[in-house]
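Coordinate-derived values only; no laboratory data. Computed from a predicted model, the values in this text were never measured in an experiment. Virtual Cβ from ideal backbone geometry, glycine too; neighbours counted across all protein chains shown.
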């Protein structure tokens, strides 16, 4: 089976592009927007509409495979590729990528994915968003050509054990961190609530008092609303380096503060993502390692999740080998081709690192559903409910795709046994 033709269409994502640097500097919210001037290159506003590009592959037999190019909410931050705009990149795709796709034989997803992941145009690799969406379309096209599910293609080409088991789902609340928690508890999400602690004065507190209050409320709310004691979700809070800012990145002070959160979590496992942002990869690894060492010496069970400066497969290997954290976020659009996501989960699990297959609210329904197959195939420790910040929409997209896929896999397993 070959690719007969290729189309590209501009689309919108499940959320927005946000200038993280401007927000960290104190940009004030006015309704849904932020007041002030953007800081990061190419941003016209601090918050602007998220954009995507669909890669549509027309196969020889008339079947259609789709993948969505999308970039993270905080594009251009933490060492990531610049803002991804459809008007900029569709002409690029038409000129440089379409001719390479037409008549490609759909024999191996991995071979095709690696070819485009390593491709350089004028001395530069393709934008991570392009590699991300293109590889999704290639996986679906190979699955269609071989009459298999996407998860089965990953199993086959990686020679993975066929584990038919759900992956825990992590819900993100966005700024509506109270109402959405109620929704998460009612729907029994496995991990909650993300909480979007990206501003000191409004969300963390100059002494961390606002986050302390929130975690205390969160633990009591879970216990109040749950139907029975068997529901014990993990608490996972993303703080975007703001804890480091209020303690001048002093690792002992940061660790002491994190330890204080454990008691407030009242028995629920607690993960803190991105406690510091040191502005570069090596200092980030070193600082997280120091914080983790102090936590262990304090007897704390708070777990650190790496995010900023841990973007690529190579980065994930470095963070894992350094044992500087307890979990890494595999931020799916940042890794380029989706085979790097599978490689990352496998590497983490082989080396004692918890693998959180994350991503961004700023993806699409297509990319989210594709990611379900990757998480199931490699058995990530948790995956993000996405896209969007409303919780319900992203959760049902990921949850329902997972349940549908598991049902089909169980059916196939039964008739083949």
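Checking (i) 24.6; (ii) 21.8; (iii) 22.7 against Kirkwood radius over Cα pairs in Å calculated from these atoms, the matching label is (ii). Taking 308, 94, 354 in turn, the Gaussian network model of the chain (Cα-Cα springs below 10 Å) assigns the largest fluctuation to 94.
Size estimate for segment 169-416 follows the Kirkwood approach: the inverse of mean 1/r over distinct Cα pairs works out to 18.3 Å. For the chain, modelled as a GNM whose springs connect Cα atoms under 10 angstrom apart, the maximal fluctuation among 29, 379, 172 occurs at 29. Computed from Cα atoms, the angle from the helix 281-297 axis to the main principal axis of the chain rounds to 50 degrees. Taking the inverse of the mean reciprocal distance over all distinct Cα pairs, the Kirkwood hydrodynamic radius of segment 343-417 comes to 13.1 Å. Structure remark: mean-square fluctuation, Gaussian network model of the chain, C-alpha springs under 10 Å; the largest value among 404, 226, 212 belongs to 404. Summarised in one figure, the compactness ratio Rg/Rh of segment 86-231, Cα atoms and Kirkwood Rh, is 1.15.
Rounded to the nearest 10 degrees, the inclination of helix 392-416 to the longest alpha-carbon principal axis of the chain is 50 degrees.
Against the main long axis of the alpha-carbon atoms of the chain, helix 86-96 sits at an angle near 40°.
The three principal axes of the Cα atoms in segment 3-158 give end-to-end lengths of 52, 32, 27 Å, sorted in falling order. Ranked by the mean number of other Cβ atoms within 10 Å of their residues, highest first, the peptides 119-125, 286-292, 68-74 come out as 68-74, 286-292, 119-125. Expressed to the nearest 5 percent, the antiparallel share of DSSP beta bridges inside the chain is 50 percent.
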